[in-house]
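S.K.: For reference, the structure I am asking about is given below.
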């Protein structure tokens, strides 16, 4: 299995900056010749879907950071508790080591990250199951973000 950590085949512009010195060059990413049965369209779909998952994961992480900042400055214990409950659905706060997942299951941020890893490990278009899992996880994120929005509006 190959992992597409790089962009799909094509020409790209790269820029390196060091202090005041800036260098730009063109870079060509070629398709792995072992993927002869996979079309460029499938590779592009895989890449775009992985980016979509990454963006959802980033939104979850940004929410956790915002929740932690708000909890630190919240005056009300009720608000702190509500924010903590939301954070615990997005992020596993009890893990202290890699082995803690045996005792404390992964939460939405890790579920999304695992899905992205599996999509990137594939060799072409993501599976229907990948899309279904993403839709399920996205729906859960939306529901939790809705609850978070209600908490934010109560703070104003």
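Computed from the coordinates by the stated procedures, all read-outs in this text should not be read as laboratory data. In this text the structure is predicted, and so the values were computed from the model without any measurement. All Cβ positions, glycine included, derive from the backbone under ideal geometry; neighbour counts span all protein chains shown.
S.K.: What Kirkwood Rh does region 44-96 have if only Cα atoms enter the pairwise 1/r average? Answer in Å.
M.R.: Numbers: mean 1/r = 0.0799 Å⁻¹.
After inverting the pairwise mean of 1/r, the radius is 12.5 Å.
S.K.: Could you work out how far apart the two model spin labels at residue 39 and residue 151 are, taking each label as a point 7 Å from the Cα in the direction of the beta carbon, and quote it in nm?
M.R.: 4.5 nm
S.K.: What are the extents of the Cα atoms of the chain along their three principal axes, listed from largest to smallest and rounded to whole Å?
M.R.: Rounded to whole Å, the extents work out to 58, 47, 32 Å.
S.K.: Stretch residue 84-residue 62 to full length: gain in nm at 0.36 nm per residue minus the Cα-Cα span? Let's see the in-between values first.
M.R.: On the way: separation 22, 0.36 × 22 = 7.92 nm, distance 1.48 nm.
Taking residue 84 through residue 62 to full extension adds about 6.4 nm, to one decimal.
S.K.: I'd like to know how region 73-156 sits against the 2.2 N^0.38 Å rule of thumb: what's its Cα Rg over that expected value? All intermediate terms of the calculation are to be shown ahead of the outcome.
M.R.: Details: Rg = 16.0 Å, N = 84, 2.2 N^0.38 = 11.8 Å.
Against the compact-globule rule of thumb, the ratio is 1.35.
S.K.: Would you list 21, 141 from fewest to most Cβ contacts within 10 Å? Before the final figure, lay out each step's value.
M.R.: On the way: 21 7, 141 21.
Sorted ascending by nearby Cβ count, the order is 21, 141.
S.K.: Please report 26, 57 as a ranked list, fewest other C-beta atoms within 10 angstrom at the top and most at the bottom.
M.R.: Values: 26 8, 57 20.
Ranked by crowding around the Cβ, least crowded first: 26, 57.
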